[in-house]
Amino acid sequence: MSKQQTWGGRFSEGPAALVRVYTESVSYDRALYAQDIAGSKAHAAMLAGIGILTEKEALAIREGLDSIQREIENGDFVWREELEDVHMNIESRLTELIGDAGKKLHTGRSRNDQVALDFRLFVSDRLRAWQELARDTAAALLEQAEKHSATLLPGCTHMQPAQPVALSQHLLAYVWMLKRDCERMADADKRARISPLGAAALAGTTYPLNPAAVAAELGMNGIFANSMDAVSDRDFAAEALFCASLVMAHLSRLCEDIIIWANPAFGFVRVSDAYSTGSSIMPQKRNPDVAELMRGKTGRVYGALTSLLTLIKGLPMTYNRDLQEDKERFIDTDRTLSLSLEAMAGMVRELTFDAGRMQAALRKGFLNATELADYLVSKGVPFREAHHITGSAVAYAEAHDKNLEDLTLQELQQQSPLIDEQVYKALDPAVAVARRNTPGGTGPDAVKAQMVAVREWLGMK
């Protein structure tokens with residue numbers, strides 16, 4: 001009989017060395033140790049509550065688990081590959097420390113519902129940590145937005161000059177993305193924090209367990225409704241990975257802006273030395289490598305989501321060993337996303353914006369063309385006609401290598417006799433921005449209202 005495996009009673013030999021290496025998960029699922037210990041302590045308390053454990057046994061289990069947690073966190077715990085996973089490693093060590101009471105801990109519990117509980121707690125804890133990191137990144141963007149409330153730059157559509165906007169408006173767009181990300185993560189957390197413990201292997205158990213007591217002690221939102229679903233569900237992990245994927249998408253878009261703006265052809269921003277690297281051959285280079293790597297790592301997170309969705313799409317009920325593959329992808333995503341958010345917050349706080357370069361760029365690309373059209377509308381010209389007149393004026397200015405504001409009044413009046421001296425005020429980028437104070441707009445009052453709302457969300461005074 002195999003003596004090494006907890007399930008070895010049925011077998012005369014243990015698994016081959018290669019199989020042991022191939023099937024172990026302790027090399028990565030040890031990351032769930034705190035959740036496994038918390039779940040086991042709650043389970044033990046519940047077993048004592050229904051009379052399966054004595055109070056003395058429950059106390060020994062609790063103290064033994066606390067001792068194991070200290071060993072792990074002090075680096076003294078010996079992880080054994082032959083015990084396959086974090087759960088069996090902890091249970092084996094518990095039995096070494098307290099004897100037979102440790103063997104009673106698994107009463108009424110299967111590794112199936114134990115794994116599901118630990119993973120749900122881990123995912124929930126990381127969703128909460130991600131929200132705090134996302135909020136800090138949002139705070140960094142808000143800080144820069146508040147510093148640059150008077151700075152203007154070209155706003156683009158199709159990567160072509162469109163209309164002048166406030167830099168603060170541009171930065172706050174990413175804050176609102178992060179706010180939605182936090183809301184999504186908080187919502188996903190509600191569904192992740194449902195306890196499956198008590199479902200056992202798949203069919204429930206004959207022991208008079210009290211799953212609600214375990215859920216309450218762990219601060220969960222409720223218990224499973226169906227034991228088969230409880231041990232096989234990985235919706236919560238897929239949801240969390242989707243949330244992570246969207247956060248990375250938003251970070252990647254911000255990285256793209258930073259990379260473009262840092263190019264000397266734009267020169268809108270300087271990435272600090274702490275977040276730049278040089279070239280091995282070109283001494284002048286300042287490469288925004290952190291932003292580029294973050295943009296690249298986005299695909300890594302997408303891959304984890306796609307991998308999990310592919311993993312679960314063809315599984316029969318209920319638990320299948322395939323599901324062991326969920327954790328490594330999530331743990332990798334957690335590391336990628338957490339570091340990315342932390343790096344982005346640091347990089348944003350150290351960005352140096354060049355307001356002069358942005359101001360100069362406002363004179364390229366006829367960003368005030370819409371202002372001329374709106375000016376003509378104010379004179380009673382139908383918008384479609386005003387649009388046509390403005391297009392003609394742009395073509396004329398382009399042919400004469402001028403900007404709209406450089407055209408003489410006589411030249412402008414050739415396009416429409418309704419144009420007068422007031423047109424030059426309308427063509428001023430600062431005036432164009434200041435006039436756009438509709439809710440959510442780029443005008444100073446609208447941007448200030450956004451900042452107030454963001455500060456309220458972040459709990460800042």
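The values are calculated or read from the model by the stated rules, or taken from the named source; none is laboratory data. Owing to the predicted nature of the structure, the values given are computational and were not obtained by experimental measurement. Using ideal geometry, Cβ is built from the backbone for each residue, glycine included, and neighbour counts are taken over all protein chains shown. Areas reflect the complete protein model, heavy atoms only, side chains present, ligands, DNA and RNA absent. Shrake-Rupley method; radii C 1.70, N 1.55, O 1.52, S 1.80 Å.
Being among the aromatic types (Phe, Trp, Tyr) and either at pLDDT below 95 or within 22 Å of Leu311 (Cα to Cα) (or both) is the filter here, so list the residues in segment 175-202 that pass it.
Matches in segment 175-202: none.
Per-residue answers, yes or no, for (1) among the polar types (S, T, N, Q); (2) surrounded by fewer than 21 Cβ atoms within 10 Å (Cβ to Cβ):
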| position | (1), (2) |
| --- | --- |
| Arg128 | no, yes |
| Ala134 | no, no |
| Thr137 | yes, no |
| Thr157 | yes, yes |
| Pro164 | no, no |
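In segment 195-231, which residues are of a type in the set (Val, Ile, Thr) and open to solvent by 50 Å² or more (accessible area, probe 1.4 Å)?
If the condition is that a residue be of a type in the set (Val, Ile, Thr) and open to solvent by 50 Å² or more (accessible area, probe 1.4 Å), then Thr205, Thr206, Ile223 are the ones that fit.
When you scan segment 11-20, do you find a residue that is at pLDDT 95 or above, among the β-branched types (Val, Ile, Thr) and open to solvent by less than 80 Å² (accessible area, probe 1.4 Å), even just one?
Taking every residue of segment 11-20 in turn, none turns out to be at pLDDT 95 or above, among the β-branched types (Val, Ile, Thr) and open to solvent by less than 80 Å² (accessible area, probe 1.4 Å).
It is to be established whether one or more residues within segment 69-84 are within 29 Å of Glu55 (Cβ to Cβ) and of a type in the set (Phe, Trp, Tyr).
Looking for residues that are within 29 Å of Glu55 (Cβ to Cβ) and of a type in the set (Phe, Trp, Tyr), one finds at least one in segment 69-84, hence yes.
What pairs come up if the first residue lies in segment 424-441 and is touching a residue at least 12 places away in the same chain (Cβ under 8 Å), the second is of a type in the set (Val, Ile, Thr) and open to solvent by less than 50 Å² (accessible area, probe 1.4 Å), and their beta carbons are under 7 Å apart, counting only those six or more places apart or on different chains?
Going by the 7 Å Cβ cut-off, the qualifying pairs are Val433/Val165; Val433/Thr442.
Quick one: what pairs do we get from segment 20-37, first residue aromatic (Phe, Trp, Tyr), second open to solvent by 50 Å² or more (accessible area, probe 1.4 Å) and at pLDDT 95 or above, C-beta under 8 Å, 6+ apart or different chains?
Tyr28/Glu328
The rows are residues; the columns are (1) farther than 28 Å from Ala265 by Cα; (2) assigned to a loop (DSSP other than H, G, I, E, B); (3) open to solvent by 50 Å² or more (accessible area, probe 1.4 Å); (4) of a type outside the set (Ser, Thr, Tyr).
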| site | (1), (2), (3), (4) |
| --- | --- |
| Ala386 | yes, no, no, yes |
| Ile389 | yes, no, no, yes |
| Leu418 | yes, yes, yes, yes |
| Glu456 | yes, no, yes, yes |
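Could you list all residues from segment 387-411 that are of a type in the set (A, V, I, L, M, F, W, C), touching a helix residue (DSSP H, G or I) at 6+ places or on another chain (Cβ under 9 Å) and closer than 22 Å to Pro154 by Cβ?
Those that are of a type in the set (A, V, I, L, M, F, W, C), touching a helix residue (DSSP H, G or I) at 6+ places or on another chain (Cβ under 9 Å) and closer than 22 Å to Pro154 by Cβ: Ala393, Val394, Ala397, Leu404, Leu407.
For segment 203-213, check the following and say yes or no: at least one residue is modelled with pLDDT of 95 or more, within 30 Å of Leu172 (Cβ to Cβ) and not in a loop (DSSP other than H, G, I, E, B).
no
Identify the residue in segment 339-364 that is surrounded by fewer than 16 Cβ atoms within 10 Å (Cβ to Cβ) and small (Gly, Ala, Ser) and, among all such residues, is nearest to the chain's Cα centre (by Cα).
My answer is Ala355.
Would it be correct to say that His148 is over 18 Å from the mean Cα position of the chain (by Cα), at pLDDT 95 or above and either open to solvent by less than 20 Å² (accessible area, probe 1.4 Å) or within 25 Å of Ser245 (Cα to Cα) (or both)?
Taking the combined requirement at face value, the residue does not satisfy it.
Starting from segment 247-273, take each residue that is within 16 Å of Ala343 (Cα to Cα) and list its partners that are small (Gly, Ala, Ser) and open to solvent by 20 Å² or more (accessible area, probe 1.4 Å), counting only C-beta distances under 6 angstrom and pairs at least six apart or across chains.
Val271/Ala262
Pick from Asp334, Asp322: which is surrounded by fewer than 19 Cβ atoms within 10 Å (Cβ to Cβ) and among the acidic types (Asp, Glu)?
None of the others qualify; the one that does is Asp322.
Taking the conditions exactly as written (open to solvent by 50 Å² or more (accessible area, probe 1.4 Å), farther than 22 Å from Leu133 by Cβ and of a type in the set (Gly, Ala, Ser)), does Ala274 satisfy them or not?
no
Which residue out of Val454, Val394, Val381, Val447 is β-branched (Val, Ile, Thr), within 18 Å of Phe366 (Cα to Cα) and in contact (Cβ under 8 Å) with a residue 24 or more places away in the chain?
Just a single option satisfies the conditions, and that option is Val394.
Which residue out of Val433, Val452 is β-branched (Val, Ile, Thr), crowded, with 19+ Cβ neighbours inside 10 Å and part of a helix (DSSP H, G or I)?
Exactly one of Val433, Val452 is β-branched (Val, Ile, Thr), crowded, with 19+ Cβ neighbours inside 10 Å and part of a helix (DSSP H, G or I), namely Val433.
Between Arg126, Arg109, Arg80, which is of a type outside the set (A, V, I, L, M) and closer than 30 Å to Leu172 by Cβ?
Every option except Arg126 fails the conditions.
Kindly indicate whether Glu385 is acidic (Asp, Glu) and in contact with a Leu (Cβ under 6 Å, 6 or more places away or on another chain).
no
Can you list the helices (runs of 4 or more DSSP H) lying wholly within segment 47-120 that have 3 or more residues being free of Cβ contacts under 8 Å to residues at least 60 places away in the same chain, open to solvent by less than 60 Å² (accessible area, probe 1.4 Å) and more than 30 Å from Met317 (Cα to Cα)?
Counting at least 3 such residues, we get 55-74, 86-98.
All but one of (1) part of a helix (DSSP H, G or I); (2) farther than 24 Å from Phe122 by Cβ; (3) open to solvent by 30 Å² or more (accessible area, probe 1.4 Å); (4) in contact with a helix residue (DSSP H, G or I) (Cβ under 8 Å, 6 or more places away or on another chain) hold for Arg191, so report the exception by its number.
With (1) part of a helix (DSSP H, G or I); (2) farther than 24 Å from Phe122 by Cβ; (3) open to solvent by 30 Å² or more (accessible area, probe 1.4 Å); (4) in contact with a helix residue (DSSP H, G or I) (Cβ under 8 Å, 6 or more places away or on another chain) applied to Arg191, the lone miss is (2).
Assigned to a helix (DSSP H, G or I) and open to solvent by 70 Å² or more (accessible area, probe 1.4 Å): which single residue out of Glu371, Glu398, Glu405 fits that description?
Glu398
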